[in-house]
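Worksheet for the structure shown next.
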Amino acid sequence: MTEKKAVFDFKGWIREHHNTPYEIRLENDDLIKLVTEYGEASIQFTVIEEYTIVEFSIVSNKDHSVKFYLHFELNDENHAKQLYDEMVETLIGLKEEKTLRVLLSCSAGLTTSMFADNLNSVAEMLGLDYHFDAVSYMSIYEEAEKYDVILIAPQIGYMLKRLKESITEKPVLQIPTSVFASYDALAALKFIQSELEIFRQEKSNEQAHECTHCAEYENRILSIVILISREQTRIYYRLNDKCEIIDSNLVIKPTMNIYDLYDIIDTILLKHSYIDMIGIATPGIVKDEKQLKEPTDGRTIDIKADFEDKYGIDVFVYNNANAAVVGFSLEHPEYDNIIFHSQPFGFGVGGQGIISNGKVIRGKNGIAGEIRYFIRRMQLSDDVHKLAWTQHGAVELVTKSLLPTISLIGPEAVVISSPMTPDMDEVKNVLSSFIDKEFLPEFYYIKEASSYMLSGITKLCVDFIEEE
């Protein structure tokens with residue numbers, strides 16, 4: 001295989017650019033690994049004709065999760081070095097996360113505190129890199145993101161189902177009654193290890209719901225969705241050709257910038273030669289279908305002009321909640337009035353996408369659905385950021401955010417993406433104290449909104465092409 005002479009010898013630079021915290025392993029001509037005791041980075045080179053695509057990925061040894069993934073065309077020395085250094089920084093940062101952190105909880109935290117001390121002693125004696133802490137059940141949600149496993153005592157076992165529905169990215173377990181009653185630390189450690197393995201296997205086999213409904217069209221459309229959480233940025237993308245998905249992937253990074261989108265487009269163009277249109281669904285206010293809020297510093301970028309000038313391809317930019325409500329409408333054409341409400345885990349303020357009489361409501365300069373402008377002025381029982389960390393508080397935030405929109409729009413359906421409020425009957429019951437039940441819509445809960453956003457932005461691109 002003849003590899004194109006890139007701007008510089010990246011493989012040679014990697015071998016020379018050695019850092020003591022990791023070991024470099026040359027697996028073969030196209031694969032280099034950076035190995036540590038707490039994680040492993042892979043650098044894969046793929047040649048397409050005379051061009052080279054580089055893939056970076058990092059997997060944590062602690063829970064076997066992917067912490068970093070991206071790909072790019074090897075054509076710019078400074079960009080390649082910058083991405084490499086970012087990957088290495090993420091890899092080395094795993095050292096601080098190598099300890100398996102377990103949170104125990106009971107009604108007051110007292111009995112689990114004593115059990116946690118016992119577990120820490122036994123784990124240390126066995127040479128296990130585990131650490132246990134305990135809190136009252138009132139603080140579980142606020143503390144959960146700092147831990148890898150959540151263990152609850154039998155006396156609050158009634159919370160297990162709700163906790164599992166709200167905290168989906170890590171194991172939530174109930175300590176067996178016999179183990180907790182006897183403070184059997186060794187049995188508890190074996191239970192955790194066994195359940196961790198089951199959880200990892202279930203996660204690897206899990207199939208996310210794919211909303212792939214679409215109208216027929218004759219174009220090749222690249223759909224990109226940007227989602228930002230408290231821990232990382234995820235960029236989903238899908239290449240659709242005449243309503244068939246011919247390529248898709250997910251980029252995972254601690255932060256993002258516009259060059260991450262360039263890398264996706266460059267790779268797709270190398271693999272598939274052409275794109276008719278690019279659709280981008282992003283958080284925040286999108287004005288005149290041209291602007292994108294830069295997630296890292298809040299600057300507004302005229303991404304439409306930037307990308308069209310760079311690639312000569314039509315670009316369509318839309319708010320991701322609006323894209324989600326369009327994606328849901330494809331799956332449910334029976335509804336003409338729909339509200340999609342997103343309340344990410346730990347966020348006190350959510351956002352909405354709205355369809356009224358079959359059309360997306362964007363408002364002046366894209367402000368529609370930006371509930372941040374009113375939610376803090378609602379009659380709330382506490383500050384929004386405190387409410388976000390309790391079950392009752394999250395329900396209050398969601399219902400108070402929906403109340404004015406439901407009253408004004410009168411939707412047939414409300415779609416909620418909020419890990420802390422998975423029980424739609426609970427949401428409906430609260431709202432029924434304000435609005436007569438005969439006027440309340442159907443409620444739908446979705447765990448993962450990305451597939452709806454991808455389908456929605458594709459449909460919006462199709463509509464844009466037809467209008468043009």
Practice prompt. Have a look at the DSSP beta bridges in the chain and tell me what percent are antiparallel, nearest 5.
Written response: 60 percent
Discussion item. Could you check the spin-label model distance between V35 and H79? Points 7 Å from the Cα along Cα→Cβ, value in nm.
Written reply: 3.2 nm
Worksheet item: Using alpha carbon centroids, what distance separates the stretch 11-54 and the stretch 90-110, in Å?
Response: 30 Å
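Between H17 and F374, what's the calculated FRET efficiency when r is the beta-carbon distance and R0 is 51 Å? Round to 0.05. Spell out each step's value before the answer.
Numbers: r = 51 Å, r/R0 = 1.00.
Computed FRET efficiency for H17 and F374: 0.50.
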Worksheet entry | In order through the stretch 348-355: 3J(HN,Hα) via Karplus (6.51 cos²θ - 1.76 cosθ + 1.60), integer Hz, x for Gly, Pro | x, 10, x, x, 9, x, 10, 10
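State in Å² the accessible area per residue of the chain; use a 1.4 Å probe, count heavy atoms of protein chains only, and round to the nearest integer.
Numbers: 21830 Å² over 468 residues.
Value for the chain: 47 Å² per residue.
So, with a 1.4 angstrom probe, what is the percent of accessible area on the stretch 327-463 that is carbon and sulfur? Before the final figure, lay out each step's value.
Working: 2980 of 5980 Å².
Carbon and sulfur together cover 50 percent of it.
Report the GluC sites (Glu not before Pro) located in the stretch 298-342 that are in a DSSP loop and have at most 10 other Cβ atoms inside 10 Å of their Cβ, or state none. Working shown, then result.
On the way: sites: E308, E331, E334; in loops: E334.
Answer in residue order: E334.
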Practice prompt. Figure the gain on full extension for K161 and S356 (residue separation times 0.36 nm, minus the Cα-Cα span) and round it to one decimal in nm.
Written response: 66.7 nm
Fill in: Counted charge near E334, where neighbours are those whose Cβ lies closer than 14 Å (Asp, Glu -1; Lys, Arg +1)
-4
Practice prompt. Starting at the first residue of the stretch 240-247, write each ³J(HN,Hα) from the Karplus equation 6.51 cos²θ - 1.76 cosθ + 1.60 with θ = phi - 60°, in whole Hz, x for Gly and Pro.
Written response: 10, 10, 6, 6, 10, 7, 10, 7
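First select every other residue whose beta carbon is under 12 angstrom from the beta carbon of L103; then total the charges, Lys and Arg +1, Asp and Glu -1.
Details: positive: R101, K146, K170; negative: D133, E142, E143, E145, D148.
Once positives and negatives cancel, what remains is -2.
Distance check, please: which entries in K170/K253; K33/K95; K164/K437 exceed 24 angstrom between their Cα atoms? Don't skip to the answer; put the middle values down first.
On the way: K170/K253 19 Å; K33/K95 17 Å; K164/K437 29 Å.
Pairs exceeding the cut-off: K164/K437.
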Worksheet item: When you take every Cα atom in the stretch 166-207, what is the radius of gyration, and what is Dmax, the widest Cα pair distance, in Å?
Response: 12.1, 39
Worksheet entry | Proximal charge balance of I375 [Cβ under 12 Å; K/R count +1, D/E count -1] | +1
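At 222 nm, what value in deg cm²/dmol follows for the chain if DSSP H runs of at least 4 each add -39500 (n - 2.57) and the sum is divided by all its residues, to the nearest 500?
Details: 14 runs with 164 residues, N = 468.
It lands at -11000 deg cm²/dmol.
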Response to the item:
Scalar couplings 3J(HN,Hα) for the stretch 93-99 by Karplus 6.51 cos²θ - 1.76 cosθ + 1.60 (θ = phi - 60°), nearest whole Hz, x for Gly and Pro, are x, 5, 4, 6, 10, 5, 6
Fill in: Added length on full extension, which subtracts the Cα-Cα distance from 0.36 nm per residue, N61 to S273
72.6 nm
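Averaging over every viewing direction, what projected area does the convex hull of the Cα atoms of the stretch 61-114 cover, in nm²?
5.6 nm²
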Practice prompt. Give me the percent of the accessible area of the stretch 50-188 that comes from carbon and sulfur atoms, probe 1.4 Å, all protein chains in place.
Written response: 51 percent
Worksheet entry | Nearest-0.05 FRET efficiency for D425 and T177, computed from C-beta distance (R0 30 Å) | 0.55
Practice prompt. Subtracting the Cα-Cα distance from 0.36 nm times the residue separation, let me have the gained length for H392 to E438 in nm, one decimal.
Written response: 14.1 nm
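The values are calculated or read from the model by the stated rules, or taken from the named source; none is laboratory data. On a predicted model such as this, the values are computed, not experimentally measured, just so you know. Neighbour counts run over all protein chains shown; Cβ positions are idealised from the backbone, glycine included. These area figures cover heavy atoms from the full protein model, side chains too; ligands, DNA and RNA do not enter into them. Shrake-Rupley method; radii C 1.70, N 1.55, O 1.52, S 1.80 Å.
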